[in-house]
Amino acid sequence: MKHRLHPFRALSLLAVPLTALFLLSGCEHTTPSETPPDAEVAADFAVSAQSAATVNENLELAELFANPMGTAADGLGLTEDTAFDPWTGDGVDFPQLALLNAEGFRGAAGLRAGFALTAKESRKATAALPEFSDSFERAEGDTLFVEYIANGVFTGLNAVIEAAGPDMVRVVSIRDFLHPMPFQPEHTESELLIDTQGTLLDNSDDEIHRAWMLEEWASGQRAEGEILPASGSGPIGPDTLVVASFRVDDPMHRPLVEWVESEARMEPGELDVDGDEVMHRFAHTVHFRNGAEHEAVIEAVGGGAIVDGSEVTIVATHTAAPANPWLESVVDTIRGNLGVLTDEMDDLLLEIGRVSTFDGETASGDSPTATVHFLPEEPVGVGEEPCGGEFTEEIFYAAGWWLQHALRELDINCDGSGSYHLLLEFLDGSTFERTITWTGGVATLSETRPNGTTVAGTFNENTGQYSVVTTFPAGSDPMSREQTGTVQEGSITARDERFWQDDHADYRTFTATRTAAGWTASGQCVLGDSTENFSVTGSEGLLEGEWSRTAPGVNASGEYTLEALDAGGAHLVFSARDTLAEGNPSAEGDFWYAADGSGHGTVTITQFGVTVTYEVTWDGDGDGHLADGEGNQIRLGRRHGQQ
């Protein structure tokens, strides 16, 4: 399945793996030859791929300096009134979830309406009782009245049966439909427990203590519901807090679902008045045949009735199927203000969070988890994007993974000021840390990388100009890198220059422009006596690019296609060639990436009629290695001024 590909990050995936092209020998060969493939030619192919990576890195700077609240909001699904599937499951958007009355509340009200109909039937039954003395001796289980019905539509009965307790009776109704319509049950039962107040023949003073109903379909679907006082016993009045439960087994047209159950705590109101019930709590559970389960619960903050203007919490818990190989559970929590209950469009988001728990074990012995939490500075309405707030994302990875812990924190004010902090902790104890602050229209960047590289930069929101200086560890060549440019509406013009110990500098310049379909970038690279032109085009889920380089004795070119995958991964396929080089060299590659940038794949080089295939792996920090087929791991380096 394709996933949205972030255009400003996609090209960075190309940088390290393509450098594998310069290596001499591999683990798989064609017929031996006295002339092996030329490593220098392969290395030149790899250098050309860095142009695309350079474009990506500079575009990332533009994204990096931009206020990240919009990006965070987009990840939370808060930018527009669209499907909120990542939070709530299939087919439920945020306003519906916040209310839960679109289906849940109405379902509870529908259950109450069914009992109202049952109550009317009970009055018919008691009204049909023959007149007899109240002193007539009666015992529990005695049938006081029974009426058999056979009218060509259904057969059944109405009955009044003595119940335990003074003046208590059970009013029973049974129906078997002879020719049920589609979606109509073929068998129904209902029962009311009624206190007759000692006047069996007068139903005007009856008090209902319990209501129960059953429906069965030819398909095998079975539905059962009940209303009881929350206290466990006593009469059910309009203001009595009751528990209404309803369960459907083997639901029609949902073959993957084993059963669905709803439970509402509410004040039922008058049974013959539509819409006067008051909800206190509602829970809805869907149990799938594979063992997975999804439950959503809504209740008022602090308890009590859910009325116009109530602040509520919604907790949705998804428990994965036992056979799920990676996920244990996902718990989503939303806090919101419902506004007017009958108006879904005035809901306000106050807080949102998610905790995902995965199979496996972290270094500390706990389960791997991913937590995200957002507290907006101001309530967020339906279809609105938050102007500011506090956003936190934290992930603990399984033991043995290169990346062990990731923490991302945002604290942005609605006036545009604020800060961003990113911390990555790796298996070897090294860390990556980045901090950005926004004040008065100026963004300031500081960064420390695991190898000791430091980064400092600024961005002026008013002029669109940015400057970033990267200083590599002592003894590195190149010694430093300077990236400058101007970001304007829909475009960026940039220059990327590296400074070497021999006092020379290599540079790339390019211009990138957003289009309706995505974006395009083109530019030029000058490396010594070599000049190269390159272009890249990006659209949702797909990146395509090509380059060409001419120099004395060189006519090289290459293409690549990058497809985004679920969970942040990607699949890269590329090719390159040089028609003037000896042996007519060409190369092809196929790589698969995980979300953290780690991955594996192969590079196949053909030159002088010899084909060599290498197995390549690389870590999330971009450090790659190639197995040379002789037991050696060769580190993938950079050439021609690349650092």
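Only the coordinates and a few stated rules stand behind these numbers; no lab work does. Here the structure is a predicted model, which is why all the values come from computation and not from measurement. For neighbour counting, all protein chains shown are included, and Cβ atoms are generated from backbone atoms with ideal geometry for every residue, glycine included.
Would you mind checking which residues have amide H under 5 Å from THR531's amide H? H placed 1.01 Å from N; only 5 or more apart, or other chain.
Placed amide hydrogens put THR550 under 5 Å from THR531.
May I ask you to compute the full-extension gain from VAL340 to SER491, defined as 0.36 nm times their residue separation minus their alpha-carbon distance, rounded to one decimal in nm?
Additional length available on full extension: 50.0 nm.
Shape of region 293-445 from its Cα gyration tensor (a ≥ b ≥ c, root eigenvalues): rounded if a/c is under 1.5, otherwise prolate when a/b > b/c, or oblate?
Oblate, since a/c reaches 1.5 and b/c is not below a/b.
Can you give the charge dipole size of region 294-392 about its Cα centre, rounded to the nearest 20 debye, using +1 on the beta carbon of Lys and Arg and -1 on the beta carbon of Asp and Glu?
Roughly 320 debye, rounded to the nearest 20.
Expressed in nm to one decimal, what extension gain is obtained for the pair GLU147 and VAL442 from 0.36 nm per residue of sequence separation less their Cα-Cα distance?
Length difference between fully extended and current span is 97.8 nm.
In nm, give the distance between the simple-model label positions of ALA505 and THR333, each being 7 Å from the Cα along the Cα-to-Cβ direction.
With each label point 7 Å from Cα toward Cβ, the separation is 5.3 nm.
Along the positive direction of the dipole of region 372-475 (beta-carbon charges: Lys, Arg +1; Asp, Glu -1; about the Cα centre), which of THR463, HIS421, SER446 reaches farthest?
SER446
Which of the GluC sites (Glu not before Pro) across region 267-351 are loop residues per DSSP, with 15 or fewer other Cβ within 10 Å?
Filter output for region 267-351: GLU270.
Run the quick spin-label model on GLU207 and SER417: label points 7 Å from Cα toward the beta carbon, then report their separation in nm to one decimal.
6.4
To make sure I understand, if each residue's beta carbon is the centre and we count other beta carbons within 10 Å, what order do ASP502, ASP346 fall in, fewest to most?
Placing the least packed residue first, the sequence is ASP502, ASP346.
Report the label-to-label distance for TRP592 and VAL307 in nanometres (one decimal), using points 7 Å from each Cα along the Cα→Cβ vector.
In this crude spin-label approximation the distance works out to 5.9 nm.
Given +1 on the Cβ of Lys and Arg, -1 on the Cβ of Asp and Glu, and no further charges, what dipole in debye does region 245-362 carry about its Cα centre, rounded to the nearest 20?
520
How many angstrom lie between the C-alpha centres of region 174-200 and region 450-506?
Cα centres, region 174-200 to region 450-506: 78 Å.
Calculate, for THR471 and ASP239, the FRET efficiency according to 1/(1 + (r/R0)^6) with r their C-beta to C-beta distance and R0 56 Å; round to the nearest 0.05.
0.20
Once you have the Cα-Cα distance between ARG254 and ALA164, take 0.36 nm times their residue separation minus that, and quote the gain in nm to one decimal.
28.3 nm
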